[in-house]
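The values are calculated or read from the model by the stated rules, or taken from the named source; none is laboratory data. Just so we're clear, the structure is a prediction, and the values are computed from it rather than from any experiment. Heads up, the Cβs are rebuilt from the backbone with ideal geometry, glycines too, and the neighbour counts pull from every protein chain shown. Areas reflect the complete protein model, heavy atoms only, side chains present, ligands, DNA and RNA absent. Shrake-Rupley method; radii C 1.70, N 1.55, O 1.52, S 1.80 Å.
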Amino acid sequence: MVEIKTDEALDAMREAGRVVARALAAARETAAVGVSLRELDEAARAVLDEAGASSPFLGYQPSFAGTPFPAVLCTSVNDAIVHGVPTDYRLRDGDLVSVDCGAELDGWTGDAAISFTVGTPRPADLELIEATRRALDAGIAAAVPGNRMGDISHAIGSVARSVGCGMPADFGGHGIGRRMHEDPHVPNRGRPGRGFPLRHGLTLAIEPMLMAGGRDAYYTGPDGWTLLTTDGSRAAHIEHTVAITDDGPRVLTLP
Ligand code: MG
Ligand code: MG
């Protein structure tokens, strides 16, 4: 079922989204060569605690997972695409990190992700991150009343394919609101003019995941959570929670 939000609900989701943005900023500021992924998680957790927000990630256990998720962040490094678990791994020079965070505040949820490099970046990684950002921007630009879901999907997929990147099949964005994962699904590839009609009050998490190797193949790591590229190439993931409004897309997880 798809819930169309009132304008008051959109304002409340914006407050949850602000907390997400602050938590991601704290994780990014903490990240440096030699810092552990667990320390990034602790930095984000402090922001959620201070805001009185809870984490929709912590304890999350969908059907595919054998164990509840143990952290408030997903931290996915290099060939990890999404769902990486914050461990004692210490960041190394040139690592590409994707950090995903959610927050629940006053009954409403926000969800966003950033990708960045640590230390001296590889030029190819900066290009991959830039392409992922452009894919997200294209998806957001298509999130307007009168369009359909396929317009968002097609916009994202077109950018990814134009730079020769792969995208994990089956994974994409989602409706969001009272819970982190709601209907409808937001595929990262699709046909324009098809699918769910977009209208004022619909809220979506839009989240391109690009894999530099150009293949769509991925596998789940031994922790049962982390998705990794099969060819070992690096991946980037950037996400915003976006409201479709009659005044244009409203990004709810901006700082
Ligand atoms: Mg997310
Ligand atoms: Mg999401």
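The residues of region 153-170 include none that are modelled with pLDDT under 95 and in contact with a strand residue (DSSP E or B) (Cβ under 6 Å, 6 or more places away or on another chain). Candidates are the residues of region 101-121 that are aliphatic (A, V, I, L, M) and assigned to a strand (DSSP E or B); the one that is farthest from residue 9 (Cα to Cα) is 114.
Among the residues making up region 187-213, those that are more than 13 Å from ligand 2 (Cβ to nearest atom), touching a helix residue (DSSP H, G or I) at 6+ places or on another chain (Cβ under 8 Å) and within 16 Å of residue 227 (Cα to Cα) are 210, 212. Looking across region 135-169 at every residue that is touching a residue at least 60 places away in the same chain (Cβ under 8 Å) and outside any helix (DSSP H, G or I), the one that is surrounded by the most Cβ atoms within 10 Å (Cβ to Cβ) is identified as 143. Tell me, yes or no, whether region 113-121 has at least one residue that is open to solvent by less than 10 Å² (accessible area, probe 1.4 Å) and more than 15 Å from the chain's Cα centre (by Cα). So far as region 113-121 goes, yes, one or more of its residues are open to solvent by less than 10 Å² (accessible area, probe 1.4 Å) and more than 15 Å from the chain's Cα centre (by Cα). Listed by first and then second residue, the pairs with beta-carbon distance under 8 Å, at least 6 apart or on different chains, first residue in region 111-126 and at positive phi, second at pLDDT 95 or above and open to solvent by 30 Å² or more (accessible area, probe 1.4 Å), are 119/32; 119/33; 119/92; 119/93.
Does at least one position in region 144-151 carry a residue that is touching a strand residue (DSSP E or B) at 6+ places or on another chain (Cβ under 7 Å) and within 16 Å of ligand 1 (Cβ to nearest atom)? No, because not a single residue in region 144-151 is touching a strand residue (DSSP E or B) at 6+ places or on another chain (Cβ under 7 Å) and within 16 Å of ligand 1 (Cβ to nearest atom). Evaluation of residue 183 against the conditions (1) open to solvent by 10 Å² or more (accessible area, probe 1.4 Å); (2) more than 23 Å from residue 85 (Cβ to Cβ); (3) away from ligand 2 (no atom under 16 Å from the Cβ); (4) out of contact with any helix residue (DSSP H, G or I) (no Cβ under 9 Å at 6 or more places or on another chain) shows that the sole unmet condition is (3).
Yes/no per residue for (1) modelled with pLDDT under 95; (2) assigned to a strand (DSSP E or B); (3) of a type outside the set (Ser, Thr, Tyr); (4) under 14 Å from the mean Cα position of the chain (by Cα):
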position: 199; (1), (2), (3), (4): no, no, yes, no
position: 215; (1), (2), (3), (4): no, no, yes, no
position: 233; (1), (2), (3), (4): no, no, no, no
position: 242; (1), (2), (3), (4): no, yes, yes, yes
position: 247; (1), (2), (3), (4): no, no, yes, no
position: 254; (1), (2), (3), (4): no, no, yes, yes
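Here the condition is being open to solvent by less than 10 Å² (accessible area, probe 1.4 Å) and polar (S, T, N, Q); of 220, 241, 230, it holds for 241 alone. Condition (residue is closer than 23 Å to residue 209 by Cβ and outside any helix (DSSP H, G or I)) applied to region 32-54: is it met by at least one residue? No, the conditions are met nowhere in region 32-54.
Here region 72-84 is the region considered, the condition is being assigned to a loop (DSSP other than H, G, I, E, B) and more than 14 Å from ligand 1 (Cβ to nearest atom), and the residue that is least open to solvent (accessible area, probe 1.4 Å) is 78.
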